[in-house]
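The values are calculated or read from the model by the stated rules, or taken from the named source; none is laboratory data. Keep in mind that what you see is a predicted model, and the values were worked out from it rather than measured. Here the Cβ positions follow ideal geometry from the backbone for every residue, glycine too, while neighbour counts run over all protein chains shown. For the accessible areas, the whole protein counts, side chains as well, though only heavy atoms, and no ligand, DNA or RNA atoms are used. Shrake-Rupley method; radii C 1.70, N 1.55, O 1.52, S 1.80 Å.
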Amino acid sequence: MKASPEHDKQELQRVSSLSDEALVRLIVETRESSYYGILYDRYADKIYNRCLRFIPMKAEAQDLTHDLFIKLYYKLKSYEGRSSFSTWLYSFTYNFCLNHINRKHKVKQEKEQALHEQMEIEEQEIDDSEIFALKAEKLKVALDLIDPNEKLILLMKYQDEFSVKEIAESLQLGESAVKMRINRAKKKVLEKYNNLGE
């Protein structure tokens, strides 16, 4: 016997009240598209805004968000619950955006690498206060000039306020390696920033 529309509505209301983790388990078990729609509604805007940080063109960021949710549908079963679903999803988003950028801007990366080799890299640790003192608009330009992997780790640390441990788990690195990469990325962005002039 087919469920009534009222029953379906009540069921969707029940599912809508589930936690992210319980909802993901239900989607994986049932492959019910209406349940996935609930997850989409919860995160679509947030994921679009994160894509927009990497792809500053709205139409392309929207396309990227759409493609990401298609891939996510098939990747949900890989979520093991070791961290919150939102942390796992943001890591998934960063990696998806990064892969997109790497495919699209391979030539640009090679040119920036050549520019990087001409620059002198300072060895002392960069204090966070130096990053916080930078002007926002100029900093945004400088972030776009560094390697996407370095931009990724700075966004995770300073915009999304991930801890070193959370970044290490998301990127599958050791904590010491994360600290080293954060410091290296801070050096790079300061170099780019200072070379931009006023």
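Reported count of residues in the stretch 45-83, each being open to solvent by 20 Å² or more (accessible area, probe 1.4 Å), hydrophobic (A, V, I, L, M, F, W, C) and more than 25 Å from Glu150 (Cα to Cα), is 1. Based on this model, can you work out whether Ser170 counts as in contact with a helix residue (DSSP H, G or I) (Cβ under 8 Å, 6 or more places away or on another chain), hydroxyl-bearing (Ser, Thr, Tyr) and under 19 Å from Arg82 (Cβ atoms)? Yes; evaluated as a whole, the condition is true for this residue.
Consider only pairs whose beta carbons are under 6 Å apart and that are at least six residues apart or on different chains; among these, list those whose first residue lies in the stretch 142-171 and is free of Cβ contacts under 8 Å to residues at least 12 places away in the same chain and whose second residue is of a type outside the set (Asp, Glu). Sorted first by the residue in the stretch 142-171, then by its partner, the pairs are Ala168/Val178.
State yes or no: is Thr65 farther than 19 Å from Tyr158 by Cβ and either β-branched (Val, Ile, Thr) or touching a Ser or Thr at 6+ places or on another chain (Cβ under 6 Å) (or both)?
Values: farther than 19 Å from Tyr158 by Cβ: yes; either β-branched (Val, Ile, Thr) or touching a Ser or Thr at 6+ places or on another chain (Cβ under 6 Å) (or both): yes.
Yes, satisfied.
When the stretch 149-198 is limited to residues that are β-branched (Val, Ile, Thr) and out of contact with any Asp or Glu (no Cβ under 8 Å at 6 or more places or on another chain), the one that is nearest to Ser78 (Cα to Cα) turns out to be Ile167. Taking the criterion of being more than 20 Å from Asn102 (Cα to Cα) and of a type in the set (A, V, I, L, M, F, W, C), the only residue of the stretch 42-69 that qualifies is Ala44. Selection of helices (runs of 4 or more DSSP H) fully inside the stretch 1-104 by the criterion of at least 3 residues being aliphatic (A, V, I, L, M) returns 20-30, 33-54, 58-75, 85-104.
Taken as a whole, the condition of being aliphatic (A, V, I, L, M), open to solvent by less than 20 Å² (accessible area, probe 1.4 Å), assigned to a helix (DSSP H, G or I) and over 22 Å from Tyr90 (Cα atoms) applies to Ala142.
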